[in-house]
Amino acid sequence: MDHGLWTMDSLFSLSLQNIGRRFNRDWIFRGVDYAFSSGKIYAVLGPNGSGKSTLLQVLNGSLSPSVGTISFFYGDKLVDIDKVYEHLSLAAPYLELIEDFTLAEVIDFHFKFKPYKSGMNKNEVIDLLGMQSSKNKLIKYFSSGMKQRLKLALAFCADTPVLMLDEPTSNLDTQGVEWYLSLVQKFAQGRLTIICSNQEHEYSFCDERLSIVDYKGAVKG
């Protein structure tokens, strides 16, 4: 599948109008009016269990809102919700890697669906990870920190206009956190980047912050 490379002339944006999501009768959040656009890094903040990941799933089109409207635009063209995934990369703790693949196989598989960022290829990704000695190792034998690094590298190194990260430094040590921050500097520029977090080191550089607790349902459903 040839997605083509996105350019600054084709910026991505998404708009939320009165978005809400509930499970049974309990509102996770509601009344969210917000606009996201390329070239900014956004933080979605809130304590554990507050609904950050649920909002991110709405933003990436994998979960429908209970109320409200979400619109996706690539340049001036409206993007169908079923096609949004083609324009974004996602790293999250709940995303599974294929355990019976080797590192090299996971990278090859991932980049069948997403184009590489300019200058990147399989060996460059492995070098970025510092895992040349593990390229033929099965993912099921990776540590949790190695798996998290791999998820981040796959997302950052894909040439998509949208980058979404949920708790990006989960399972990373201090060195891993510094590595994550270097990826932000190198690969997040010009994209629409959304980071769900409750740890300041993950989002201190963000341009805008949206607190999910500001949208807890005051109106009973």
| task | Test each condition in (1) more than 19 Å from A158 (Cα to Cα); (2) under 19 Å from the mean Cα position of the chain (by Cα); (3) free of Cβ contacts under 8 Å to residues at least 40 places away in the same chain for L78 and report the one that comes out false. | result | (2)
| query | Which ones in segment 165-221 are without any contact (Cβ under 8 Å) to a residue 24 or more places away in the chain, of a type in the set (D, E, K, R) and under 20 Å from K151 (Cβ atoms)? | reply | E178
| said: Considering only residues that are assigned to a loop (DSSP other than H, G, I, E, B) and of a type outside the set (D, E), which ones fall in segment 143-181? | reply: S143, T160, P161, P168, T169, S170, N171, L172
| For D173, all conditions in the list (1) surrounded by fewer than 13 Cβ atoms within 10 Å (Cβ to Cβ); (2) within 17 Å of the chain's Cα centre (by Cα); (3) of a type in the set (D, E) hold save one; what is the number of the exception? | (2)
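Residues that are of a type outside the set (S, T, Y) and surrounded by fewer than 17 Cβ atoms within 10 Å (Cβ to Cβ), at least 2 per element: which helices (runs of 4 or more DSSP H) completely within segment 14-131 meet that? Give the derivation first.
Values: elements: 52-59, 103-110, 122-129.
Because the criterion is at least 2 residues that are of a type outside the set (S, T, Y) and surrounded by fewer than 17 Cβ atoms within 10 Å (Cβ to Cβ), the helices (runs of 4 or more DSSP H) in segment 14-131 that meet it are 103-110, 122-129.
Could you tell me whether segment 78-85 includes any residue that is within 26 Å of G31 (Cα to Cα) and in contact with a Pro (Cβ under 8 Å, 6 or more places away or on another chain)? Spell out how you get there, then give the answer.
Pass one, segment 78-85, residues within 26 Å of G31 (Cα to Cα): 78-85.
When the remaining residues are screened for being in contact with a Pro (Cβ under 8 Å, 6 or more places away or on another chain), the result is none.
No: segment 78-85 contains no residue that is within 26 Å of G31 (Cα to Cα) and in contact with a Pro (Cβ under 8 Å, 6 or more places away or on another chain).
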| field | Among residues of segment 52-82, those that are in contact with a strand residue (DSSP E or B) (Cβ under 7 Å, 6 or more places away or on another chain) and within 20 Å of P168 (Cα to Cα), counted | value | 8
| remark: Reported set for segment 24-62 where residues are under 16 Å from V79 (Cα atoms) and either touching a Cys at 6+ places or on another chain (Cβ under 9 Å) or not polar (S, T, N, Q) (or both) is A35, F36, V58, L59, G61
| query | Mind checking which pairs have a first residue in segment 112-124 that is in contact (Cβ under 8 Å) with a residue 40 or more places away in the chain and a second that is basic (K, R) and part of a loop (DSSP other than H, G, I, E, B), Cβ under 6 Å, 6 or more apart or different chains? | reply | none
| Residue count, segment 132-156 (criterion: in contact (Cβ under 8 Å) with a residue 40 or more places away in the chain and either among the small types (G, A, S) or surrounded by fewer than 12 Cβ atoms within 10 Å (Cβ to Cβ) (or both)) | 2
| message | I'm told D159 meets every condition in (1) buried (at least 18 other Cβ atoms within 10 Å of the Cβ); (2) more than 22 Å from T54 (Cα to Cα); (3) touching a Ser or Thr at 6+ places or on another chain (Cβ under 6 Å) except one. Can you identify the failing condition by its number? | response | (3)
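Readers should treat all values here as calculations from the given coordinates under stated rules, not as data from a laboratory. Everything numeric here is computed off the predicted structure, so don't read it as measured data. We place every Cβ from the backbone using ideal geometry, glycine too, and count neighbours over all the protein chains shown.
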